[in-house]
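The values are calculated or read from the model by the stated rules, or taken from the named source; none is laboratory data. Here the structure is a predicted model, which means the values were calculated and not measured. Methodologically, a virtual Cβ is constructed for each residue, glycine included, from the backbone with ideal geometry; neighbour enumeration extends over all protein chains shown. Accessible surface is based on the protein model in full, side chains and every heavy atom, while ligands, DNA and RNA are left aside. Shrake-Rupley method; radii C 1.70, N 1.55, O 1.52, S 1.80 Å.
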Amino acid sequence: MSKSRRRRRRSSALQKIILVIVILIIVILIAFFFVIRPMKQKLASSVAEKVIEMQVSSDTDSDVTAEEILDVMSEEDQETIEEICEEYLDVQTLTEISGYLAQGDTASVKAYVKESLSKEELAQIQEIYEKYQDELSEYLE
């Protein structure tokens, strides 16, 4: 009898450990899909807007604002810019950039973007910006 009691205790303890592990995995997945991922997407969108603002501010000939460009930009181009920005957002930068945005510190966001993005990615964003900047300039004339 003593061996069967030990087996029951061991199997019961093992079941509890497995249950705790499964619950932890479920909680982590829920946190990722319902908290971290949407937060990351929202911050990527905000960073993308700051990137467009950076392009607008560097273009001294333009009368177009970043909001106007974002309003006419296709979903595909918006997603391209957001994907580029989202690629560099990890948990540490999420908190850092959200702090900058909460304080209204756009200069720090722009500095982060300049430091993080490659020349090719900046060129791709510049190309998208010029595409819509030209369209808006023609429309406004």
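Checked against (1) at pLDDT 75 or above; (2) closer than 30 Å to Q126 by Cα; (3) among the β-branched types (V, I, T), V64 passes all but a single condition, namely (1). Could you say whether any residue in segment 44-60 is modelled with pLDDT of 80 or more and part of a loop (DSSP other than H, G, I, E, B)? Within segment 44-60, none of the residues are modelled with pLDDT of 80 or more and part of a loop (DSSP other than H, G, I, E, B). Close Cβ contacts (under 6 Å, 6 or more residues apart or on different chains) running from residues in segment 113-127 that are assigned to a helix (DSSP H, G or I) to residues that are hydrophobic (A, V, I, L, M, F, W, C) and open to solvent by less than 50 Å² (accessible area, probe 1.4 Å) comprise V113/V51; E121/I84; I125/V51; I125/I81. Anything in segment 78-89 that is over 17 Å from S108 (Cβ atoms) and out of contact with any Ser or Thr (no Cβ under 6 Å at 6 or more places or on another chain)? List them, or say none. Hits for segment 78-89 are Q78, E79, T80, I81, E83, I84, E86, E87.
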